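J.: Structure provided below as structure tokens; questions to follow.
The values are calculated or read from the model by the stated rules, or taken from the named source; none is laboratory data. No experiment lies behind these values; they were computed from the predicted model shown. Counting neighbours? That spans all protein chains shown, and the Cβs are built from the backbone with ideal geometry, glycine included. Remember, those area values only see protein heavy atoms, side chains included, never the ligands or the DNA or RNA. Shrake-Rupley method; radii C 1.70, N 1.55, O 1.52, S 1.80 Å.
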Amino acid sequence: GGTAVLLQGFEELEIDCHGFKVGTGLDGLFRGIASGGDCLPSLYTISVSNLYPRDAAAASPLAECIRKGKFPRLRNLHFPLKFCPDHLSSFSARHRGTMQALAHGLRSPHAKSLRSLSLPLEEREGGVLYRAEAQVVQIRALAEAFKSGQLTGLEQLSFQGDLCTDSLLVLSDGLGSGKLRSLRSLHLKNVPLHGDGSKSALCQALSAEKMPELRHLMLDTVSSDGLKKLTETWVCSTPPPLETLDLSRSAVGDEGIMALVSVAKMGRLPFLKDVRVRYGKGSTIKTVIEAVFPHTVHSATF
């Protein structure tokens, strides 16, 4: 009875896999919850860190828990996505498809409670061609979850992954589906904005039509050419109502920054006050940025 009462009031589940038996602990935890008769009605945060490749199978029972409504108030989910190509591990036949398994749960009506989703993609080393092909399959599953209409309440999304061009095209299709209309904060870490095809697709997704509530955008791997393409898109279509644009981890040149300033001076970014960029020593771009975006609070040198 006491244990049941404790679980009823359980609010946060933060798991460091260093403390679990590799290969069975995390998987067994979620399988136990999925097979049990009760739910965790007060749980609103699940955060997993230091996931080992052998723990990747836990994505499947976690998704089962979500589909069964075991976490009816779940608002925040952080779960590393392991990518294990077949030829690299004898465990991959069982554990590959981590993202596919989790995406299955995110397509459930019970995923509508989510407000914050963080999905760092952690890859094993392997052949580039095979990795790219398998990666696209995984990313497509995630994109379908974005397009399912079950994540309409999502306000914060953080995705980390060194994606190939085809994977970025697929991810952009999901982001630009128009089904993430409540999204207020988007962080794309190590997601490149370089190649023409993927660049155009992602730029089209970052619009007011697709993301009408987006206030904060962080892009970690953007080139000057990529930023110019994004600003060109914002001239032709209405940009989201951004207040903060964080490019501080990208090596964007003065040419790209000036393109952003030009669009702002056209009145296309009326709410944008805080732009965070890296600038070289002796560059005059800092003065230009702060003159146009008065609430800029951080600029890093390189």
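J.: If you check residue 115 against the conditions, is it at pLDDT 80 or above, under 18 Å from residue 173 (Cβ atoms), open to solvent by 20 Å² or more (accessible area, probe 1.4 Å) and out of contact with any Phe, Trp or Tyr (no Cβ under 6 Å at 6 or more places or on another chain)?
T.: The answer is no for residue 115.
J.: For segment 174-205, give me the residue count where each residue is modelled with pLDDT of 95 or more, touching a helix residue (DSSP H, G or I) at 6+ places or on another chain (Cβ under 7 Å) and not hydrophobic (A, V, I, L, M, F, W, C).
T.: Residues that pass the stated criteria total 4.
J.: Quick one: what pairs do we get from segment 171-194, first residue basic (Lys, Arg), second modelled with pLDDT of 90 or more and assigned to a helix (DSSP H, G or I), C-beta under 7 Å, 6+ apart or different chains?
T.: From segment 171-194, the pairs are 179/146; 179/147.
J.: Among the residues of segment 33-60, how many are open to solvent by 10 Å² or more (accessible area, probe 1.4 Å), in contact with a strand residue (DSSP E or B) (Cβ under 6 Å, 6 or more places away or on another chain) and at pLDDT 90 or above?
T.: So the answer is 2.
J.: If the requirement is being polar (S, T, N, Q), at pLDDT below 95, at negative phi and surrounded by fewer than 18 Cβ atoms within 10 Å (Cβ to Cβ), which of these qualifies: 152, 165?
T.: The conditions single out 165.
J.: Still on this structure, I have one more. For segment 206-226, which positions are under 17 Å from residue 165 (Cα atoms) and of a type in the set (A, V, I, L, M)?
T.: 219, 222
J.: State whether the residues of segment 233-252 include one that is at negative phi, part of a helix (DSSP H, G or I) and either among the small types (Gly, Ala, Ser) or surrounded by 22 or more Cβ atoms within 10 Å (Cβ to Cβ) (or both).
T.: yes
J.: Quick one: which residue in 63, 101 is outside any loop (DSSP other than H, G, I, E, B), modelled with pLDDT of 95 or more, closer than 19 Å to residue 157 by Cα and small (Gly, Ala, Ser)?
T.: Testing whether each residue is outside any loop (DSSP other than H, G, I, E, B), modelled with pLDDT of 95 or more, closer than 19 Å to residue 157 by Cα and small (Gly, Ala, Ser) leaves just 63.
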